[in-house]
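To keep things clear, I will list the structure first and then write my remarks on it.
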Amino acid sequence: MRKLEGFWRQGISFIAIGFAVFHLLTGILGVLPAQEQRAVHVAFALVLVLACYPRRKTVSKNRIPIFDLLMIIVILLACANIFIKWKSYMPVMSAPATVFEIVLALAATLIILEAGRRITGWVFPILIAMAIIYALFGQYIPGKFGHAPIKPISLLRAVYFSTDGIWGFLTGLSATFIALFVLFGSFLLTTGGGKTFIDLSLLGAGRLRGGPAKVAVISSGLFSMLSGSPLANVATTGSFTIPMMKKLGYSSAFAGAVEATASTGGIITPPIMGAAAFIMAEFLGISYLEVIIAASIPALLYYLAVFMGVHFQAIKRNLEPIPPEDLPSAKSVFTWSRIIGLFLPIATLLYTLLSGFSLIFVATSASLMCLVTYIFSDFSLGKMKKRVIGISKILNTAGNSIVAVVPILVCANIFLALLEYTGLGLKFSNLIMGFGKDYLFLSLLLTGLLVMILGCGLPITAAYILGVVVAVPLLVSWGILPIAAHLFILYYSVLATITPPVCPALYLASHIAQSKWLKTAWIAMRLSPLLYIMPFLFVYNSTFLLIGLPRDIILNVGTAVLGAIVLVSGTMGQLVTRCNVFERIILVAAGIFLLLPVWKFDSLGAIFVFMIFVKQAWLKRTIKSTAV
């Protein structure tokens, strides 16, 4: 990002504060008509992207170049045009447009692609460019992948003048409750909740064997649930947890792997799950609460496996807890200001959510509670005055935190409009079905691979959206529950962040840890085997999504808890004592059997675990007896 100075810095800070205030005000007073709300939202976001993200590294970083200022003017005109004239555009796709409006629409589309490139890299613009080329020239392709002729002006209408392109439903989600939930996460972290999260994790797990890594799992998981970004979370909490793990005996590679896996899991963990939970609810036409309930058990099993993997490694390496002198005191953590600053906003969020209020009200009330508790956490007039003045800095940070989400969702809207307009999404689904033919498992493997490839070059939310469009119709046609199909896509979108060859969260974690990234990736994959297996489990059995008879849910989840622990004990090579290769293979097999919701496999897995446990316990006792 640019480090603007002087007038430029003050101006952009003012715009970022305005962006945050706009969303708070519309949350309190009511949102504007859909297209007007989206136009203002996109205008704010793109101005900040073009101002703060240089088009290349060699461009001046302390001021905004003329070319970027010209693009800012164009995008403001394009958004103002929609804000004023949207009623005349939307009803009829063939409504007349002036030459100026057509040129403005084309320029706005190109600028949005450039903003997307600055945030996500070249992958998204290239995908959209390929979709445009296909739309214009697909009529010359013979066979199933051809389509009827499409005029360039019709394509431009679909992208800019309709409700399906730039101003489509994903932009609508971004302009309403996604922006507000991002504000809430930013407020909670910047008003002191972030440090409280870490200190509570230290108090809870610091005294346990392998304490620093367990602290990393807990604190990074809590952080990423709110931030929605594995990279941001690794950068924030990793700068604290990774040096702490290394100091107390963990290898650099293991420290980086723990941070990366813990940070990545937040995207599949309720209540916020990045932006995916909101988008999923919109796609499925169900409530947000139903989404987070369905996602809860798989996420808990994932974190249980990671936590136990850390525990087994601590036993294997005989690592000690964090020294008492390095732990915060309970008295310093459980103070009035720190506790209300963390728990009152979260309690407000949960209460309003479970009471059935709208998501806009939920996010707005929780965000305002953050600010109120921040101001009144200390009743000294001097400190209250200082905190009120400090709110501008908090709003500035919050406004900037929304920025990176908007170009992703707007570009995704454009791509979705092109896929729908040309029918390309359905054709891709049919292609995957042709490869999978009559084999569901093969179709799932191919779908997971496709989504992981998308996730290699795109942010998780974007990869999830594209995966949904391409693959979910196929999965649903096989009789898979829609919510299971969506979560399957989300899980494999997440996997790309920690799976080679493109694993950005691991690259960053290994950079902080100063470890070899490939070794770090291998450890991360051993810590998180459930992330690869769980999507198949809830596709084949909905009890993992809390759908089904209570007796079946309790039985299957109960055996899955044991299966998750056994599986990671096999991948980490430790149970009672260190495992040999044969024991590791048996434990991995037993863990998978226990995860499968079939009583015969559960029984077989339990027998395998019992055999290895008895063997190792007897061997450990024999060694102790011999030593004595």
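The values are calculated or read from the model by the stated rules, or taken from the named source; none is laboratory data. Because the structure is predicted, anything quoted here is derived from the model rather than measured. Neighbour counts are summed over all protein chains in view; Cβ atoms, including those assigned to glycine, are modelled from backbone coordinates with ideal geometry.
Per-residue answers, yes or no, for (1) buried (at least 17 other Cβ atoms within 10 Å of the Cβ); (2) over 22 Å from the mean Cα position of the chain (by Cα):
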{"position": "Ala305", "(1), (2)": "yes, no"}
{"position": "Ala314", "(1), (2)": "yes, yes"}
{"position": "Leu327", "(1), (2)": "yes, yes"}
{"position": "Leu354", "(1), (2)": "no, yes"}
{"position": "Val403", "(1), (2)": "yes, no"}
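Residue under question is Gly309, and the condition is that it be of a type in the set (Gly, Ala, Ser), under 25 Å from Pro459 (Cβ atoms) and touching a helix residue (DSSP H, G or I) at 6+ places or on another chain (Cβ under 8 Å); does it hold? When the stated conditions are applied, Gly309 does not pass them.
Scan the range 150-172 for residues that are more than 18 Å from Ala105 (Cα to Cα) and either touching a Leu at 6+ places or on another chain (Cβ under 7 Å) or modelled with pLDDT of 85 or more (or both) and jot them down. Steps first, please.
The initial filter retains those residues of the range 150-172 that are more than 18 Å from Ala105 (Cα to Cα), namely 169-170, 172.
Scanning the range 150-172 gives Leu170, Gly172.
Scanning the range 310-358 for residues that are farther than 30 Å from Val566 by Cα, in contact (Cβ under 8 Å) with a residue 60 or more places away in the chain and in contact with a Ser or Thr (Cβ under 6 Å, 6 or more places away or on another chain) turns up Ser337, Arg338, Gly341, Leu342. Of the residues in the range 98-119, at least one is farther than 20 Å from Leu69 by Cβ, surrounded by fewer than 20 Cβ atoms within 10 Å (Cβ to Cβ), polar (S, T, N, Q) and out of contact with any Gly (no Cβ under 9 Å at 6 or more places or on another chain). Once the range 444-459 is narrowed to residues that are touching a helix residue (DSSP H, G or I) at 6+ places or on another chain (Cβ under 6 Å) and either in a loop (DSSP other than H, G, I, E, B) or at pLDDT 80 or above (or both), the residue that is surrounded by the most Cβ atoms within 10 Å (Cβ to Cβ) is Pro459.
Looking at Leu368, is it at pLDDT 85 or above, in a helix (DSSP H, G or I) and crowded, with 17+ Cβ neighbours inside 10 Å?
On the way: at pLDDT 85 or above: yes; in a helix (DSSP H, G or I): yes; crowded, with 17+ Cβ neighbours inside 10 Å: yes.
Yes.
Criterion applied to Ala294, Ala277, Ala262, Ala232 was being within 13 Å of the chain's Cα centre (by Cα) and closer than 14 Å to Leu545 by Cβ, and the one residue passing it is Ala277.
Could you tell me which residue of the range 373-384 is farthest from Thr397 (Cα to Cα), considering only residues that are assigned to a helix (DSSP H, G or I), without any contact (Cβ under 8 Å) to a residue 12 or more places away in the chain and not small (Gly, Ala, Ser)?
To start, the set of residues in the range 373-384 that are assigned to a helix (DSSP H, G or I) comprises 373-375, 381-384.
Checking which are without any contact (Cβ under 8 Å) to a residue 12 or more places away in the chain leaves us with 381-384.
With not small (Gly, Ala, Ser) added as a condition, the list becomes 381, 383-384.
On the way: Leu381: 25, Lys383: 21, Met384: 20 Å.
That would be Leu381.
Note on the range 82-107: residues that are at pLDDT 85 or above and either over 33 Å from the mean Cα position of the chain (by Cα) or not in a helix (DSSP H, G or I) (or both) total 8.
With at pLDDT below 80, surrounded by 24 or more Cβ atoms within 10 Å (Cβ to Cβ), in contact with a Ser or Thr (Cβ under 6 Å, 6 or more places away or on another chain) and over 21 Å from Thr120 (Cα atoms) as the only criterion, which of Phe197, Phe184, Phe223 stands out?
Details: Phe197 fails: surrounded by 24 or more Cβ atoms within 10 Å (Cβ to Cβ); Phe184 fails: at pLDDT below 80.
None of the others qualify; the one that does is Phe223.
So Leu48 passes all but one of these: (1) of a type in the set (A, V, I, L, M, F, W, C); (2) crowded, with 22+ Cβ neighbours inside 10 Å; (3) more than 14 Å from Ile402 (Cβ to Cβ). Which condition number does it fail? Failing condition for Leu48: (3). Selection of helices (runs of 4 or more DSSP H) fully inside the range 525-628 by the criterion of at least 3 residues being of a type in the set (A, V, I, L, M, F, W, C) and surrounded by fewer than 21 Cβ atoms within 10 Å (Cβ to Cβ) returns 550-572, 581-595, 599-627.
Within the range 329-352, restricting attention to residues that are assigned to a helix (DSSP H, G or I) and over 31 Å from the mean Cα position of the chain (by Cα), which residue is nearest to Phe177 (Cα to Cα)? Let's see the steps before the verdict.
Step one: list which residues in the range 329-352 are assigned to a helix (DSSP H, G or I), which gives 330-333, 336-352.
From what's left, over 31 Å from the mean Cα position of the chain (by Cα): 330-332, 336.
Working: Ala330: 36, Lys331: 36, Ser332: 35, Trp336: 30 Å.
Result: Trp336.
The residues in the range 136-179 that are aliphatic (A, V, I, L, M), surrounded by fewer than 24 Cβ atoms within 10 Å (Cβ to Cβ) and part of a helix (DSSP H, G or I) can be counted, and the count is 6. Within the range 539-580, the set of residues being under 21 Å from Lys600 (Cα atoms) and among the charged types (D, E, K, R) comprises Arg551, Asp552.
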